[in-house]
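A short write-up of the structure that comes next.
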Amino acid sequence: MNIQTVPSSPFDDQKPGTSGLRKKVSVFQAPHYLENFVQSIFDIIGAVPGSTLVLGGDGRYYNREAIQVILKMAAANGFGKVLVGRDGILSTPAASCVIRKYGTFGGIILSASHNPGGSDGDFGIKYNTANGGPAPEKITEAVFARSRALESYRIVEAPDVALDRIGATALGDMAVEVIDPVADYAELMESLFDFDAIRAMIRGGFRLRFDAMHAVTGPYGGEILEKRLGAPAGTVINGEPLPDFGKGHPDPNLTYAHELVEIMNGADAPDFGAASDGDGDRNMILGRRFFVTPSDSLAVIAANATLAPGYAAGLAGVARSMPTSAAADRVAAKLGIPCYETPTGWKFFGNLMDAEKVTLCGEESFGTGSSHVREKDGLWAVLFWLNILAKKSLSVEEIVYRHWAEYGRNVYSRHDYEGLPSDAAAGVMAHVESQFPALPGQRFGGYQVKFCDDFSYTDPIDGSVSTGQGLRIGFEDGSRIVFRLSGTGTEGATLRLYLEAFEPDPAKHHADAQQALAGLIGIAHDLSQLKPRTGREQPTVIT
Ligand code: VG1
Ligand code: CO
């Protein structure tokens, strides 16, 4: 085996964000950029020689090239075997599933998730540990530190490995095993949900649409929804994965999944609509002319979890990211189980799931999942909803209204201001925080400030502390305003404004969220001076 040690020099910007390292494709294409980061990962994780690694990505532009580089570097760094998805494809939850099922040392996932793809789009890479979950901060920080000192990397000189057929080949002393990217995942889904009940519902005339947004879930949706569950061909739309996602923005929300939204708002709308993102870990759930917020979706799943065979024994607990609404907290309280509040990003749920403190986790950013893997899981959420619908024989809308009638409604919205100049965004945050000492007790219309802080989290399992996780302003009635800067963007800064108001009165549950939140939105703008400071009159995206 011809191992080359290639001299390189460190980059200073390889700091992983909320979910791995994300940069423009052109940045990753710069000489040694990808190699340096991969070598930094290998140097930090300390895999014993002969270990097995999982490798795959969401199929975006540069996926194929990067897979070949990483295979050759894995061989040069002493790995014994790499399990790689056919054509280099693995959705994020499928990669997590494969790491766990085969007990591998860890895995590398190539994805910038919902960020646009193509040659002028984004690329990303992250490392997942043996539990199948995103590496915790102590690893990502060590990788970053290593990348700032790295002076060479190791790679074997060898021709590219063919990845289009299932089976094993050799790359130097290492085995490359090409696996079906869908099979293990589909089998896991079948073990969790009542496929017979869902099949019967579909046979009985229930109609659904799943928008794969030309991203990774097309083949997964095709196999599970159309083949195994018998939904008619055409149920999965935009099902062909494309390196540029068909020039779309594979982010399943009301703005970017507009084709599905139009179908679900149309005259002959199906009963159920769903979409997933670039790497298959997000989901959006729609009824006929009805949008389920991700926070409500988590709460509904928690309240109805025992209807799914895989969750029949009940939930150990639930966890949600800080900006996610407290709808799940209300369900947890009623069930008598704990509810944890973590910083944004799936990596903070891993310890809680490993310690069996929680079964379900969710984020307001269209992420829902459970301890079946250690990532959020888009199709899993879709199947959970289908399982609930099949058992309850109610529409999506009816399920949500009945849920609100029982628990009250946590009216919720997120306003994103994308691509802001970084200093303007930082200025808004600093301005908000500067008012914190004087805010508690102050009244704004009907709202009185109860507390405000910069959210920090102490992991209850390993005691690690994460600070600077978002500015919270909490009101006496449970309403909240949160300001947070995104950690996944690659251009300027994205400021997220999260708004939540609790409405116990069922007579008011039909209100439009933006109208119901208008008072809070006004307070948020008065406090932050967001418009004059950024020059933006409107958010880029409202969810
Ligand atoms: C966003 C979401 C966060 C999510 C992360 C990764 O992060 O807010 O909840 O975990 O994306 O999701 P940020 O820092 O931009 O707010 V994905 O689907 O990109 O893996
Ligand atoms: Co994603």
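The table below lists the values:
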read-out	value
Mean Cα-pair separation over length for the chain, i.e. relative contact order, pairs under 8 Å, 6 or more apart, %	13
Segments 462-468, 536-542 sorted - mean Cβ within 10 Å per residue, highest first	536-542, 462-468
Between the stretch 195-244 and the stretch 355-423, the Cα center-to-center distance that results, in Å	19
Full-stretch length increase - Q529, H510 - with 0.36 nm per residue and alpha-carbon distance subtracted	3.8 nm
Local net charge near V331, Cβ-Cβ under 15 Å (Lys/Arg +1, Asp/Glu -1)	+1
Three-way shape call for the stretch 24-163 based on the alpha-carbon gyration tensor, with the a/c threshold at 1.5	rounded
Restraint check, K376/K508; K101/K357; K227/K357; K247/K531; K508/K531, Cα-Cα greater than 25 Å	K376/K508; K227/K357; K247/K531; K508/K531
Alpha-carbon radius of gyration plus Dmax, which is the widest Cα pair, for the chain in Å	22.9, 72
Sorted peptide list for 492-499, 524-531, 413-420, criterion being average Cβ within 10 angstrom, highest first	492-499, 413-420, 524-531
Fraction in percent of alpha-carbon pairs per bin - 10 Å, the stretch 185-407	9, 36, 39, 15, 1
Cβ-based net charge around F451, under 14 Å, with every Lys or Arg adding one and every Asp or Glu removing one	-3
Of every Cα-Cα pair in the stretch 335-414, the percent that sits beyond 17 Å	58
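Values in this text are rule-based calculations from the coordinates and carry no lab data. This is a predicted model, so every value here is computed, not measured. Don't worry about glycine lacking a Cβ; one is built from the backbone with ideal geometry, like all the others, and counts go over all protein chains shown.
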